[in-house]
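Single-structure report; data block below.
The values are calculated or read from the model by the stated rules, or taken from the named source; none is laboratory data. All of these numbers come straight from a predicted model, not from anything done at the bench. Using ideal geometry, Cβ is built from the backbone for each residue, glycine included, and neighbour counts are taken over all protein chains shown.
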Amino acid sequence: MELHVNKPRLQMKVLVVDDQPLIVEELCEFLDSSGYRSVPCESSREAIERFSEDAEISLVLCDLHMPDLDGIQLVQELQRIAGKQRVFEAIMLTGRAEKQDVIKALRAGIADYYQKPINLDELLEGLQRQEVALQERQKNLHLGHLNQKLQFLSESIDDLYQDLDKVRRAPQTVRGEDSEALSDAEAIEMPAIFHQLSPRQLDVARLVGKGQTNYQIACELGITENTVKLYVSQVLRLTHMHNRTQLALALSPSNSGLRQRGVTAH
C-alpha cells in the first residue's frame, strides 16, 4: 500500500493516551514517521493537562480501559475543555470491543474505534479520514465566527443608517420645538458646540456625560457596543475633544457657566 503524507498533516498534533508505555511508544514512533507530531501520555490526567496546555492538539488516540478516567470519560472532559471555540476528533483503542462500549463511545462523540492489536496501516487511513472531517469542522467554526462578525457589523451599519435617515428627514430636530432627543431644559443647557450633532449622537454624548459605560449606553439605547464606540468617536471628532473624560466634563452641571459662554475643546 502506498501512503501519501500530505502537507496539512504536518501541522496536526496527535494526543496518544494509553496506560501501557510500550503501546504509547510504538504508536508515537509510527505517527512521527508518518508525518504527524505525537504527544505521548500514559494517563488520562496527564492527557487532560497536555490538551489544556497545547491548543495545536487536534487528534486524540485513547485507550478505552484505563484507571482513573476511562477513554470515554477522558474524551468528554476534553470536549468540556475545548468548548465551542476549539474542535478535535477522537479515536478509541480497545482490547475488548464489546458492543455496548462501542455504542457508548460513539454517542459520546468519539469518531471511530480500533481493536487491539492495532493494524497500523488501517489506523493511518482512519486518521486521514478524521483529518478531512476535522478540517471541515474547523472551516465551519471559522465561518461561524465570520458570520457573527458580519452580523455585528450589519447591525452597526443599520443603526447608523437609521440615524442618518432621521437627520436627512428632520435636519432641524435638535433645535426644533418638537425635538424628542432633548427636553427644553436640556436644550438650553446644551453647549452650542453640540448643536451640530444628530439626535442619536446627542443621546450618546449625554449618557457619556452621566458616566455610563459603552455597555450601559448600548443597553439603554438598544444598539450594539460597537455602534456606541462609533458614535463616541464621531462625537469626539465633531466637538474637537480628545477623550470621553473631556466630553463628560463639558456636559457636567458644574460647567454650566462655561456653557453660557460657549464651550470649546481647545
**OP:** Considering only the stretch 212-227, state which residues are under 12 Å from Arg244 (Cα atoms) and surrounded by 14 or more Cβ atoms within 10 Å (Cβ to Cβ).
**Re:** Gln212, Asn214
Original post:
If you go through the stretch 90-107 one residue at a time, how many are touching a Gly at 6+ places or on another chain (Cβ under 9 Å) and either exposed (fewer than 10 other Cβ atoms within 10 Å of the Cβ) or under 24 Å from Ser52 (Cβ atoms) (or both)?
Top reply: 5
**OP:** Can you give me the number of residues within the stretch 51-76 that are of a type outside the set (A, V, I, L, M), part of a helix (DSSP H, G or I) and surrounded by 17 or more Cβ atoms within 10 Å (Cβ to Cβ)?
**Re:** 2
Original post:
Can you name every residue in the stretch 235-266 that is assigned to a loop (DSSP other than H, G, I, E, B), at pLDDT below 85 and farther than 18 Å from Ser198 by Cβ?
Top reply: His242, Ser252, Gly262, Val263, Thr264, Ala265, His266
Subject >> Lone qualifier among Ala47, Ala55, Ala82 - being in contact with a Cys (Cβ under 7 Å, 6 or more places away or on another chain) and assigned by TED's automatic domain parsing to the domain that holds Glu136 >> reply: Ala47
**OP:** Could you run through the stretch 83-102 and say how many residues are part of a helix (DSSP H, G or I) and touching a residue at least 12 places away in the same chain (Cβ under 8 Å)?
**Re:** 1
Subject >> Hits in the stretch 35-50 - residues which are crowded, with 22+ Cβ neighbours inside 10 Å and over 15 Å from Val14 (Cβ atoms) >> reply: Ser44
Subject >> Residues within the stretch 103-125 that are closer than 22 Å to Gln20 by Cα and assigned to a helix (DSSP H, G or I), tallied >> reply: 6
**OP:** Determine whether the stretch 53-67 contains at least one residue that is among the acidic types (Asp, Glu), at pLDDT below 95, under 26 Å from the mean Cα position of the chain (by Cα) and closer than 18 Å to Gln135 by Cβ.
**Re:** yes
